[in-house]
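The values are calculated or read from the model by the stated rules, or taken from the named source; none is laboratory data. What you see is a predicted model; the values in this text were computed from it and never measured. Note that each Cβ is placed from the backbone with ideal geometry, even for glycine, and that neighbours are counted across all protein chains shown. Please note that ligands, DNA and RNA were not included when accessible areas were found on the heavy atoms of the full protein model with its side chains. Shrake-Rupley method; radii C 1.70, N 1.55, O 1.52, S 1.80 Å.
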Amino acid sequence: INTCCSRFGILGVWICMELAHKKKVPVIVHCHCNIEDQLGTGKMATKLFSDMVNKSEKVLVLNSSSKNYVEKINSGKADLCPNFVLTNQISDYHKIRDRIEKVIYVGDVRLSKGSDDFYLLAKQNPEVKFIVVGSVTEEIAQLDKPKNVHTLEATDVEKQLNDADVFVFPSLTEGFSNAMLEAMAHGLPIIATDVGAATDMIENCGGTVVSIHDVSAMQSALNNMNKPETRKAMSEWNINKVKQCYEYNQVIEKLFHVYEEAI
């Protein structure tokens, strides 16, 4: 059973679990979210989810915080299963410029993704081009966009990633960011907020993790990355991390192993 653990959708998922449980069909619950953020504090949603955890063979989660959440309900039930990239999406290296010229963000441009903080960071660095690749929501369109922010449609993302120097991901909530994973696969140093799997992914080695809305910390991280040797080390670390942990065949092999154990 795949679920995003939404407070209103969890009932339907629980019913599926009940039907399977009554027929003695083993069930793996695969959560595609940051569980605690999605369930919130609603008593009904958390109760239904706890029941699902207890009746499942295994609960697959995207990040450590979700794993800890499940483990508090039933120790030993949770297992990390990250998102993946295809082998041909992983670069061998990333071109490192002498200085930072282009900072990029890929994804929906909205307040919940911290796009207003991205704008603030751009204002503080007028000599750097800030690239936004994605659809801009009305809430962001109403903000004063800095002159050095360039908005592009979500086409030829790979080319834009290859031409950028740093990837900034200022989201307020996340499970496991595919956009951030693809940036890592292209060897981009990362500045990300401490949400979802961000810390699991870059471990403060492939970039810097900062608190939500901490534009000052983002600026400090960007200043530190001005040194080409710093960006080179982060770039190489990210590519190696993706090859070792997030390459398609490795993730799928683990996923199949979990299902084989269940049956």
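Quick notes on this structure:
- For the stretch 14-111, the relative contact order comes to 23 percent (Cα pairs under 8 Å, sequence separation of at least 6).
- Computed from Cα atoms, the angle from the helix 228-241 axis to the main principal axis of the chain rounds to 20 degrees.
- Proportion of all alpha-carbon pairs of the stretch 1-101 beyond 17 Å (%): 55
- Label-zone membership for the stretch 235-263, site GLN89, 7 angstrom Cα→C-beta point, backbone N under 17 Å: 238-255
- Scattering curve values for the stretch 146-242, log₁₀ I(q)/I(0), Debye with Cα scatterers, q = 0.10, 0.21, 0.22, 0.25 Å⁻¹: -0.24, -1.11, -1.21, -1.45
- Shape category assigned to the stretch 84-143 from the gyration tensor of Cα positions, a/c cut at 1.5: oblate
- Sulfur and carbon atoms: percent of accessible area, the chain [1.4 Å]: 51
- Our coupling estimate for the stretch 187-202, obtained by passing each phi through the Karplus curve with A = 6.51, B = -1.76, C = 1.60 and θ = phi - 60°, is x, 8, x, 10, 10, 9, 6, 7, 10, x, 8, 3, 5, 4, 6, 9 Hz, Gly and Pro reported as x.
- If you run the Gaussian network model on the chain, springs between alpha carbon atoms under 10 Å, then out of GLN244, GLN38, GLN142 the most flexible one is GLN142.
- Between LYS47 and ASP108, the simple label model (points 7 Å from Cα in the Cβ direction) yields a spacing of 3.0 nm.
- Around the amide H of PHE169, modelled in the peptide plane, lie the amide H atoms of ILE191, ALA192, THR193, all under 5 Å away and 5 or more residues distant in sequence or on another chain.
- Computed extension gain for LEU143 through VAL251, at 0.36 nm per residue and net of the alpha carbon distance, reaches 34.9 nm.
- Per residue accessible area in Å² of the stretch 61-148, where ligands, DNA and RNA are left out and the probe is 1.4 Å: 52
- Cross-link check: pairs LYS129/LYS254; LYS72/LYS159; LYS147/LYS243; LYS23/LYS47 evaluated at a Cα-Cα cut-off of 32 Å; pairs beyond the cut-off: LYS129/LYS254; LYS72/LYS159; LYS147/LYS243.
- Of the residues PRO146, GLY12, ASN238, the one whose Cα sits farthest toward the positive end of the charge dipole of the chain, with +1 on the Cβ of Lys and Arg and -1 on the Cβ of Asp and Glu, is GLY12.
- For SER135, the residues whose amide H sits under 5 Å from its own are VAL109, ignoring neighbours fewer than 5 places away on the same chain, with H placed 1.01 Å from N.
- Relative contact order, percent, the chain [alpha-carbon distance under 8 Å, six or more residues apart]: 19
- Set against the labelled values (i) 6, 24, 24, 19, 13, 8, 4, 2, 1, 0; (ii) 6, 27, 36, 23, 7, 1, 0; (iii) 7, 28, 31, 21, 10, 2, 0, P(r) over Cα pairs in 10 Å bins from 0, in percent computed from this structure falls on (iii).
- Backbone geometry of the stretch 247-261 corresponds, through the Karplus equation with coefficients 6.51, -1.76 and 1.60 at θ = phi - 60°, to 3J(HN,Hα) couplings of 6, 3, 4, 5, 5, 5, 4, 5, 4, 5, 5, 4, 5, 4, 5 Hz, x marking Gly and Pro.
- With θ taken as phi - 60° and the Karplus curve 6.51 cos²θ - 1.76 cosθ + 1.60 applied, the whole-hertz 3J(HN,Hα) list for the stretch 20-26 is 5, 5, 5, 8, 6, 8, x Hz, x standing for glycine and proline.
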